[in-house]
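Here is the structure we will look at.
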Amino acid sequence: MKKRVLYAEASYEAMVEEKGYFVDKTEYIAKLEQVNNPVFLRPRRFGKSLLCTMLECYYDIRRKHRFEELFGHTWIGRNPTDLHNSCFVLHLDFSTIEPRGGIEAIAKDFDQVCNLKLELLVNTSRQWFEQSVIIDHEQSATSNLRRVLNAVQGRNLPPLFVIIDEYDNFANQLIVRHKDRLFQELMDDEGFLKTFFKTLKEGRKSRTIQNVFITGVLPITIDELASGYNVATFITLDPTYENMLGFTQGEVNRLLDEVYQDYGMDPVTRGETDALIKNQYNGYHFIRTDGEPVYNSTILIYFLDYFTRHRISGISHGHEPEDGPGVGAADHWFQSGADQGVRGSIDAA
């Protein structure tokens, strides 16, 4: 059975269950375990959310019985660490927080988003927590997080593994909208956000939190939070992790080998396909300009999805489509990948 090209799929679990093409980056799980509270920043569309769901599946104690199914075909499945499936996973996505209204409205939405995730964690882990924790939606997310951590410590339960995806999304929206006063209120020493991160730091200190993995785009917010969360380790510019997200040339070659074989494509067209992909999607250097360029993974998968569904007649029959090779996929980057605030600034210029 041939695999599927799953464009815009951010769930690692779904990638496995639906037989999606997958570039194995699981060796980085072992590398990340050597870092305390890693923070990894990269532009949108490079697969940060997929990495987060992969970490969730790997550390989640509730998925222990599925380890072989989810990771048996991967590097980490053959070389598992001692921490696999040993934690409760609190997976937060701050891109769902709405930065509308005043600071009270933002705080309310923050609490709602986090409290729902805390409630899901507790309710799906009742065999461990039993009735020791009830999430109170009238209380702040920080208060409920403390309840969970106290129960973990008091009942000698497995620790939490905390994942925060798009940690700076709602804060960045305040910046691009020039709401400087509101951003400063958000960063207040006694504000809800810094208090929440102080609690994460305390959880690491008490060992009720195994580790905290954070993704985002910019370092501004985490720098502003430093007085409350001065335990972060920035790995964005560490050469060890340069290729953790995005596809290297070797990975792209192996992926295309699979696609050509599975879909019975004419090998004569392979050179033209390689040239088109390299021209449209290659060339990112995040640390070393003399290193191997990195492809944007999401946009490359978008291309492969179109390629496998329509066979791109320009490639299949030796001539370019009317709108030129790869134009539709290239346009997709700007139309759906650019930040609205940044795009507005570009249009205004």
(request) Looking at (1) over 17 Å from Leu32 (Cβ atoms); (2) within 21 Å of the chain's Cα centre (by Cα); (3) surrounded by 21 or more Cβ atoms within 10 Å (Cβ to Cβ); (4) not hydrophobic (A, V, I, L, M, F, W, C), find the lone condition where Asp223 falls short. (result) (3)
(request) Could you list, in sequence order, all residues of the range 1-43 that are among the basic types (Lys, Arg) and assigned to a loop (DSSP other than H, G, I, E, B)? (result) Lys2, Lys3, Lys19, Lys25, Arg42
(message) So in the range 289-328, with the set limited to residues that are among the charged types (D, E, K, R), in a loop (DSSP other than H, G, I, E, B) and out of contact with any Ser or Thr (no Cβ under 7 Å at 6 or more places or on another chain), which one is modelled with the highest pLDDT?
(response) Asp290
(request) Among the numbered conditions (1) crowded, with 21+ Cβ neighbours inside 10 Å; (2) in contact with a helix residue (DSSP H, G or I) (Cβ under 6 Å, 6 or more places away or on another chain), tell me where Glu56 comes up short. (result) (2)
(request) May I ask you to say which residue of Phe234, Phe334 is under 24 Å from the mean Cα position of the chain (by Cα), assigned by TED's automatic domain parsing to the domain that holds Met54 and either of a type in the set (Phe, Trp, Tyr) or modelled with pLDDT of 85 or more (or both)? (result) Phe234
(request) Give me the pairs, please: first residue somewhere in the range 64-93 and touching a residue at least 12 places away in the same chain (Cβ under 8 Å) and in the same structural domain as Phe161 (by TED's automatic domain parsing), second residue anywhere and loosely packed, with under 13 Cβ neighbours inside 10 Å and basic (Lys, Arg), beta-carbon distance under 7 Å, and either six or more positions apart or on two chains. (result) Asn85/Lys64
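Take the residues in the range 258-288 that are outside any helix (DSSP H, G or I) and of a type in the set (Ser, Thr, Tyr); name whichever of them is farthest from Phe247 (Cα to Cα). Don't jump to the end; show me each part of the working.
Going through the range 258-288, the residues outside any helix (DSSP H, G or I) turn out to be 263-266, 282-288.
Still in the list and also of a type in the set (Ser, Thr, Tyr): 263, 284.
Working: Tyr263: 21, Tyr284: 10 Å.
It comes out as Tyr263.
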(request) Among the candidates Ala14, Ala10, single out the residue that is surrounded by fewer than 19 Cβ atoms within 10 Å (Cβ to Cβ) and either under 15 Å from Glu251 (Cβ atoms) or in contact (Cβ under 8 Å) with a residue 24 or more places away in the chain (or both). (result) Ala10
(message) Please go through the range 255-288 and give me each residue that is at pLDDT 90 or above and among the polar types (S, T, N, Q), ordered by number.
(response) Gln261, Thr269, Thr273
(request) Give just the number: which of (1) more than 17 Å from Glu166 (Cα to Cα); (2) free of Cβ contacts under 8 Å to residues at least 40 places away in the same chain; (3) among the hydroxyl-bearing types (Ser, Thr, Tyr) does Thr96 not satisfy? (result) (1)
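In the range 126-153, which residue that is within 21 Å of Phe196 (Cβ to Cβ) and among the small types (Gly, Ala, Ser) is surrounded by the most Cβ atoms within 10 Å (Cβ to Cβ)? Give the steps one after another, and end with the answer.
Pass one, the range 126-153, residues within 21 Å of Phe196 (Cβ to Cβ): 129, 133-153.
Next cut, among the small types (Gly, Ala, Ser) only: 140-141, 143, 151.
Numbers: Ser140: 19, Ala141: 25, Ser143: 15, Ala151: 17.
Looking at residues that are within 21 Å of Phe196 (Cβ to Cβ) and among the small types (Gly, Ala, Ser), I get Ala141.
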(message) Quick check on my filter: what residues within the range 203-220 are of a type outside the set (A, V, I, L, M, F, W, C) and either surrounded by 15 or more Cβ atoms within 10 Å (Cβ to Cβ) or in contact (Cβ under 8 Å) with a residue 12 or more places away in the chain (or both)?
(response) Gly203, Arg204, Ser206, Arg207, Thr208, Gln210, Asn211, Thr215, Gly216, Pro219
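The values are calculated or read from the model by the stated rules, or taken from the named source; none is laboratory data. Predicted, not measured: the structure shown is a model, and the values here were computed from it. Don't worry about glycine lacking a Cβ; one is built from the backbone with ideal geometry, like all the others, and counts go over all protein chains shown.
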